[in-house]
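Asks: Here's a structure for you.
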Amino acid sequence: MRLTIVGSGDAFGSGGRLNTCFLLETAKAALLVDCGASAMPALKRQGIDPNRVDAIILSHLHGDHFGGLPFFLLDGQFLARREKPLLIAGPPGSRARIDAALEVFFPKSTGLKWRFPWRVDEIALDQESGVLGHTVRTTEVVHQSGAPSTALRLSDGEKTFSYSGDTEWTEDLLPIARDADLFIC
């Protein structure tokens with residue numbers, strides 16, 4: 001498992017650190033964990049081809065964590081001419097919020113005939129889910145976002161990446177972080 005920190009800043013990009021976006025590359029897939037509003041310029045600045053990304057996993061539905069999705073999708077549609085499928089996985093309510101964001105930024109975009117297939121899987125809390133051969137477990141944390149905000153634990157079977165999302169301290173982080181190879185908090 002290889003991690004590239006694409007963005008790790010707060011909602012305002014303080015200190016020049018762009019919104020949250022981590023690229024995890026495993027033998028199974030290339031995954032983004034969060035896709036903040038500044039994700040597309042950040043990916044391009046680092047020379048990362050968005051077409052390499054197989055899935056995007058969202059911790060929660062604040063703009064600095066998922067606000068780059070409309071731009072990511074439309075870049076694939078019009079500029080990068082993406083053809084391979086894209087999976088987006090996030091907390092309950094993700095599909096409705098992604099569609100709403102698409103419509104706010106680019107009216108009628110949810111009705112496009114997409115050149116590449118994409119879908120949204122909503123990850124049930126406190127259960128293991130599969131994302132392209134990876135095991136993902138989320139738990140709800142203390143952070144108001146209009147839908148469950150989560151910490152997540154992702155494993156490719158060899159290495160484990162854990163991420164707190166945005167939260168104040170909660171004991172619910174302990175099982176997410178336990179024995180992880182890397183815990184970003």
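Asks: Nearest 5 percent is fine: what portion of the DSSP beta bridges confined to the chain is antiparallel?
Replies: Working: 23 of 37 bridges.
Looking only at bridges with both residues in the chain, the antiparallel portion is about 60 percent.
Asks: Here's a follow-up. Skipping prolines and chain starts, which residues have an amide H placed within reach, meaning under 5 Å, of the one on residue 56, given they are 5 or more residues away or on another chain?
Replies: When sequence neighbours closer than 5 places are left aside, the close amide H contacts are 32, 87, 88, 89.
Asks: What is the sum of charges, Lys and Arg at +1 and Asp and Glu at -1, for the other residues whose Cβ falls under 13 Å from the Cβ of residue 153?
Replies: Values: positive: 137, 159, 178; negative: 126, 128, 156, 172, 179, 181.
That works out to -3.
Asks: According to the Cα gyration tensor, what semi-axes, each the square root of 5 times an eigenvalue, does the equivalent ellipsoid of the chain have, listed from largest to smallest in whole Å? Before the final figure, lay out each step's value.
Replies: Working: eigenvalues 115, 62, 55 Å².
Its equivalent ellipsoid spans semi-axes of 24, 18, 17 Å.
Asks: Turning to a different aspect of this structure: Nearest 10 degrees is fine. How inclined is helix 94-105 to the longest principal axis of the chain, computing both from alpha carbons?
Replies: Tilt relative to the chain: about 40 degrees.
Asks: Once label points are set 7 Å from the Cα along Cα→Cβ at both residue 135 and residue 170, what is their separation, rounded to one decimal in nm?
Replies: Roughly 2.2 nm, to one decimal.
Asks: Now for a different question. Between 103, 25, 122, which gets the highest mean-square fluctuation from a Gaussian network model of the chain, Cα cutoff 10 Å?
Replies: Among 103, 25, 122, the largest GNM mean-square fluctuation belongs to 103.
Asks: When the scattering of the range 4-92 is computed by the Debye formula from its Cα atoms alone, each counted once and equally, what is log10 I(q)/I(0) at q = 0.17, 0.18, 0.25, 0.26 Å⁻¹?
Replies: Result of the Debye calculation: -0.63, -0.70, -1.34, -1.43.
Asks: How big is the range 77-185 on each of its three principal axes, counting only the C-alpha atoms and giving the largest first in Å?
Replies: 43, 32, 22
Asks: Separate question: Given a 1.4 Å probe and the protein chains all in place, what does the accessible area of residue 52 round to, in Å² to the nearest 10?
Replies: Roll a 1.4 Å probe over it and residue 52 shows about 90 Å².
Asks: About its Cα centre, what dipole magnitude does the range 69-185 give when the only charges are +1 on Lys and Arg Cβ and -1 on Asp and Glu Cβ, stated in debye to the nearest 20? Present the calculation step by step, with values, prior to reporting the outcome.
Replies: Working: 13 positive and 17 negative charges, 171 e Å.
That gives a dipole near 820 debye.
Asks: May I pose another question? Counting only heavy atoms of the protein chains, get the accessible area per residue of the range 1-139 (1.4 Å probe) and round it to a whole Å² value.
Replies: Working: 6130 Å² over 139 residues.
With the other protein chains kept in place, the range 1-139 gives 44 Å² per residue.
Asks: How much of the accessible area of the range 1-75, probe 1.4 Å, is carbon plus sulfur, in whole percent? Kindly include the intermediate steps, with their values, before the conclusion.
Replies: Working: 1420 of 2610 Å².
In the range 1-75, the share of accessible area belonging to carbon and sulfur is 54 percent.
Asks: Hey, quick one: spin label on residue 103, modelled 7 Å out along Cα-Cβ, who in the range 54-93 has an amide N within reach, i.e. under 11 Å?
Replies: Zone members listed by number: none at all.
The values are calculated or read from the model by the stated rules, or taken from the named source; none is laboratory data. Only a predicted model underlies this, so the values are computations on that prediction, with no experimental measurement involved. Heads up, the Cβs are rebuilt from the backbone with ideal geometry, glycines too, and the neighbour counts pull from every protein chain shown. Side chains included, ligands, DNA and RNA excluded: accessible areas come from the protein's heavy atoms. Shrake-Rupley method; radii C 1.70, N 1.55, O 1.52, S 1.80 Å.
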